[in-house]
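The values are calculated or read from the model by the stated rules, or taken from the named source; none is laboratory data. Keep in mind that what you see is a predicted model, and the values were worked out from it rather than measured. Virtual Cβ from ideal backbone geometry, glycine too; neighbours counted across all protein chains shown. Please note that ligands, DNA and RNA were not included when accessible areas were found on the heavy atoms of the full protein model with its side chains. Shrake-Rupley method; radii C 1.70, N 1.55, O 1.52, S 1.80 Å.
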Amino acid sequence: MSEENILETRKLVKEFRGFVAVSDVSLQVRRGHIHALIGPNGAGKTTVFNLLTKFLQPTSGQILFKGHDITTERPAQIARRGIVRSFQISATFPHLTVLENVRVALQRQLGTSFHFWKSERTLDRLNDRAMELLRTVNLEEFADTVTVELPYGRKRVLEIATTLAMDPELMLLDEPTQGMGHEDVDRVTQLIKKVSANRTVLMVEHNMNVVATIADTISVLQRGQVIAEGPYGVVSKNPQVLEAYMGSAETELQGAHG
């Protein structure tokens with residue numbers, strides 16, 4: 001495994017009662033890059049994410065992280081290694097404030113995550129780091145806002161902040177801009193670019209403008225197989241990719257960076 005690759009999959013296969021959801025997927029995710037996984041609905045993107053974070057075990061194949069075989073490890077072990085998936089720890093607590101949500105995520109580093117009987121004052125030492133993270137994602141003005149009152153786009157930004165609180169080496173972002181308006185999409189796109197400065201990001205994303213803007217490498221899945229890989233300029237002209245997307249999505253694919 002090249003030292004440039006932080007994550008690698010080798011001939012990854014996942015079958016469900018005879019249905020092959022992922023077939024011979026070999027990915028190489030380079031350290032410090034933003035790598036996007038795209039493809040039509042049902043292409044196998046989420047299944048690949050579930051295999052990487054060990055919510056599913058592969059039928060066959062290997063997963064390597066920093067040269068270590070993690071194929072049989074459990075989700076908690078994966079997280080301790082520094083692979084953090086946005087939704088794993090970012091189901092935000094609606095009735096806590098924005099600051100408190102980030103503080104809960106930071107508790108993992110103290111080893112006090114389950115010390116529910118301790119005084120809340122023991123968490124005060126986390127406030128500075130929590131505020132620093134909120135400044136990183138431009139949410140500091142919402143620190144005392146109860147999370148349920150946040151607009152949808154800001155909630156998704158908070159999820160990224162709680163993911164960052166886990167100090168991941170590899171961030172897996174599953175549809176980070178899904179359901180957002182144009183302004184929020186732009187905000188989150190720039191945020192992902194910003195937080196990727198000293199870490200690696202692997203993202204599943206449908207919005208081709210987002211992918212075209214920030215992804216260094218794109219892997220295109222169709223029917224569980226990688227049909228193309230490379231920078232956007234190459235992938236967007238690939239005949240197989242255009243055929244896979246068809247119609248309006250094809251137009252979107254070609255026009256995303258135009």
With respect to Phe65, is the statement that it is of a type in the set (Phe, Trp, Tyr) and crowded, with 19+ Cβ neighbours inside 10 Å true?
-> yes
Which of the residues belonging to the stretch 219-231 are touching a strand residue (DSSP E or B) at 6+ places or on another chain (Cβ under 6 Å) and not in a strand (DSSP E or B)?
-> Gly224
Within the set of pairs 6 or more residues apart or between chains, which connect a residue that is open to solvent by 20 Å² or more (accessible area, probe 1.4 Å) inside the stretch 217-236 to a residue that is part of a strand (DSSP E or B) and of a type in the set (Ser, Thr, Tyr) with Cβ atoms less than 8 Å apart?
-> Arg223/Ser23; Gln225/Ser23; Val226/Ser219; Glu229/Thr217; Glu229/Ser219; Pro231/Thr217
Using beta carbons and a limit of 6 Å, which pairs, at least six apart or on different chains, have the first residue in the stretch 161-178 and of a type in the set (Gly, Ala, Ser) and the second one part of a loop (DSSP other than H, G, I, E, B) and open to solvent by less than 10 Å² (accessible area, probe 1.4 Å)?
-> Ala161/Val137
Subset of the stretch 179-197 [touching a Gly at 6+ places or on another chain (Cβ under 9 Å), part of a helix (DSSP H, G or I) and touching a residue at least 24 places away in the same chain (Cβ under 8 Å)] | Glu183, Asp184, Val185, Arg187, Val188, Ser196
Report, by residue number, each residue of the stretch 2-27 that is surrounded by 15 or more Cβ atoms within 10 Å (Cβ to Cβ) and on the phi > 0 side of the Ramachandran plot.
-> Asp24
Is it true that some residue in the stretch 198-205 is modelled with pLDDT under 95, in contact with a Gly (Cβ under 7 Å, 6 or more places away or on another chain), within 16 Å of His33 (Cβ to Cβ) and part of a loop (DSSP other than H, G, I, E, B)?
-> no
Just wondering, is there one or more residues in the stretch 84-106 that are of a type in the set (Lys, Arg), touching a helix residue (DSSP H, G or I) at 6+ places or on another chain (Cβ under 8 Å), more than 24 Å from Val220 (Cβ to Cβ) and at pLDDT below 95?
-> yes
Can you name the residue in the stretch 28-57 that is under 21 Å from Arg74 (Cβ atoms) and not β-branched (Val, Ile, Thr) and is also surrounded by the fewest Cβ atoms within 10 Å (Cβ to Cβ) among such residues?
-> Gln57
Please enumerate the residues belonging to the stretch 152-183 that are open to solvent by 50 Å² or more (accessible area, probe 1.4 Å) and in contact with an Asp or Glu (Cβ under 8 Å, 6 or more places away or on another chain).
-> Tyr152
Which numbered condition Pro176 misses (of (1) within 15 Å of the chain's Cα centre (by Cα); (2) part of a helix (DSSP H, G or I)) | (2)
